[in-house]
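Below is one structure, written out as structure tokens, with a few remarks after it.
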């Protein structure tokens, strides 16, 4: 079938909405009409840094309606409302023990440009287009494996739900699935973008007594306070480590670092109390840390977390239920854009104008 998709033809090139051919779903795959899709920093990284083969259709926070199912699809039917998340094999040890975010084949399935059977579903003339995260949701329709498609409640506005598949799941899942803070403990969230603010909301759900939000934009700090932060700190104006240690009795029990900025990573470690745990979720370049003073001497831990250590078909419906109950108001992060405004949405996201852009496709 012919669809409209935002094609990235070469490294760093702007998105171009063009006609593309999408092949029918094969066994265990479904065809989904995209209603809306989130704009994520990972899409910008893939556009600009060449982590996947070009030309490519990016997008990996798609939400839509199932229009066709291939053979052997077992848990989805035509008309289901769905959110799409990351691809995973479902067969390796990590997948089988509830950690598909560290699937042995994660990089190949999500960044390799091909579907699981090593073929392409997207073409433009004689040229095969790469698929991203097993979905390529910057298109009016996608074909995805049923394994990374999550059925969601039809009572909720489907256009809102795409970001649950990556950014929002990452922030919330890092707190609720991996750190699992004990009731009444303290946590610091570094970076108040979609990932960090989702972590703030999750920390409130978990019952953290002190929730520190750190950023350099006052508008985002105000939103963090509205969403549950008990303390907000602008890193441009205060000594973050000193302020947190003074307010939290020597440091926080937990930290979530979403900025990927090396000096901030050091801050998140230094502002922990002894035995504190820091989860690193931001894409961080090579950097140096003082292992003895920043970690070992006080028994601290630093862990990497991908996609919130989530099982999407379990975790995403839980987030929807929290949203319906008024406990996870992630809609406050969102601004909608038309599909033809995709380049503007990325620009606004990079400048901090919009926390979480969502493109409406239908």
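The values are calculated or read from the model by the stated rules, or taken from the named source; none is laboratory data. Everything numeric in this text was worked out from a predicted model, so none of it was measured. Don't worry about glycine lacking a Cβ; one is built from the backbone with ideal geometry, like all the others, and counts go over all protein chains shown.
Values as computed for the structure displayed
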item	result
Some residue of the stretch 112-120 being assigned to a strand (DSSP E or B), in contact with a strand residue (DSSP E or B) (Cβ under 9 Å, 6 or more places away or on another chain) and surrounded by fewer than 20 Cβ atoms within 10 Å (Cβ to Cβ)	no
Flag for residue 13 being closer than 30 Å to residue 344 by Cβ and assigned to a loop (DSSP other than H, G, I, E, B)	yes
Wholly enclosed helices (runs of 4 or more DSSP H) of the stretch 162-232 bearing at least 2 residues over 16 Å from the mean Cα position of the chain (by Cα) and not assigned by TED's automatic domain parsing to the domain that holds residue 38	194-206, 218-227
Residues being part of a helix (DSSP H, G or I) and either modelled with pLDDT of 95 or more or within 16 Å of the chain's Cα centre (by Cα) (or both) - total across the stretch 309-362	30
Close pairs from the stretch 254-266: first in contact (Cβ under 8 Å) with a residue 24 or more places away in the chain, partner buried (at least 20 other Cβ atoms within 10 Å of the Cβ) and in a helix (DSSP H, G or I), Cβ under 6 Å, at least 6 apart	254/179; 255/268; 256/174; 256/199; 257/265; 257/268; 258/195; 258/196
Qualifying residues in the stretch 27-42 (those that are touching a residue at least 60 places away in the same chain (Cβ under 8 Å) and out of contact with any strand residue (DSSP E or B) (no Cβ under 9 Å at 6 or more places or on another chain)) - the one surrounded by the most Cβ atoms within 10 Å (Cβ to Cβ)	42
Matching option when the condition is in contact (Cβ under 8 Å) with a residue 40 or more places away in the chain, surrounded by fewer than 16 Cβ atoms within 10 Å (Cβ to Cβ) and either within 22 Å of the chain's Cα centre (by Cα) or part of a loop (DSSP other than H, G, I, E, B) (or both), among 6, 24, 46	24
Residue match in the stretch 88-95 (condition: outside any helix (DSSP H, G or I), within 21 Å of the chain's Cα centre (by Cα), under 14 Å from residue 151 (Cα atoms) and at pLDDT 95 or above)	no
